[in-house]
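Shown next, in structure tokens, is the structure this report addresses.
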Amino acid sequence: MTEELPTRDRLIQAATRLFRQRGYDGTGLTEILTEAGVPKGSLYHHFPDGKADLACAAADWTASEIIRVIDDSFRTAPDWRHGVTTFCYKMAKLFDILDSADACPIFGLLFEGPDHDRFRTQAERSFDRIIAAAARYGQALGMAPDTAQDAAETFIIGFQGCWTLARTRRKSDILRSLPSRLYGAPSQ
């Protein structure tokens, strides 16, 4: 028997799934509450500003999950390219599991919401956390701080574009091709 997630976590994960599938405007509070299996009062207890607070929490949770994949990908990587390659393959597998129907879970929900400044700030904070996580691995692999920051930004910019193109084409291979597109063919 598995232990049930706390109410706050169930709300965040349900909102993340629904926002990713339907967008911010296409997802109603009733759908989130039903998916999470919680009463309306629980939403406002944990998220006083309702759906907007929940969207920011969903973006933060998603950034943490992406950082977890970065950690798994780079922790034992012998070099930057191997870390990027492992990350891209892991995300391609996730893309396939999601059946390529979902938008980027951060971009897709935070640029559609009504509170543009707040959501843009949250998106920036989420992407900055992801880039910083990758840059830390670049430094650990011997890159100078500025070089690691540039490499991490380029990698995440490329990944974001690949995710969008993969979604458009409904093919995850574009994600697996990112390392070669960024760094050339691997040396033999």
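The values are calculated or read from the model by the stated rules, or taken from the named source; none is laboratory data. Since the structure is predicted, the reported quantities are computational estimates derived from the model, not experimental observations. Positions of Cβ are backbone-derived with ideal geometry, glycine not excepted, and every protein chain shown enters the neighbour counts.
Inspection of the stretch 20-31 finds a residue satisfying the criterion of being touching a residue at least 24 places away in the same chain (Cβ under 8 Å), within 19 Å of the chain's Cα centre (by Cα), surrounded by 15 or more Cβ atoms within 10 Å (Cβ to Cβ) and assigned to a helix (DSSP H, G or I). Can you find, within the stretch 123-144, the residue that is nearest to Cys56 (Cα to Cα) among those that are without any contact (Cβ under 8 Å) to a residue 60 or more places away in the chain and in a loop (DSSP other than H, G, I, E, B)? Out of the qualifying residues, it is Ala144. Take the stretch 165-188 and flag every residue that is surrounded by 15 or more Cβ atoms within 10 Å (Cβ to Cβ), in contact (Cβ under 8 Å) with a residue 60 or more places away in the chain and either among the hydrophobic types (A, V, I, L, M, F, W, C) or in a helix (DSSP H, G or I) (or both). If the condition is that a residue be surrounded by 15 or more Cβ atoms within 10 Å (Cβ to Cβ), in contact (Cβ under 8 Å) with a residue 60 or more places away in the chain and either among the hydrophobic types (A, V, I, L, M, F, W, C) or in a helix (DSSP H, G or I) (or both), then Ala166, Arg167, Leu175, Arg176, Leu178, Pro179, Leu182, Tyr183 are the ones that fit.
Could you say whether any residue in the stretch 60-74 is aromatic (Phe, Trp, Tyr) and either modelled with pLDDT under 90 or surrounded by 15 or more Cβ atoms within 10 Å (Cβ to Cβ) (or both)? Walk me through how you get there before you give the answer.
Within the stretch 60-74, the subset aromatic (Phe, Trp, Tyr) is 61, 74.
Add one more test, that the residue is either modelled with pLDDT under 90 or surrounded by 15 or more Cβ atoms within 10 Å (Cβ to Cβ) (or both), and what stays is 61, 74.
The answer is yes, given that some residue of the stretch 60-74 is aromatic (Phe, Trp, Tyr) and either modelled with pLDDT under 90 or surrounded by 15 or more Cβ atoms within 10 Å (Cβ to Cβ) (or both).
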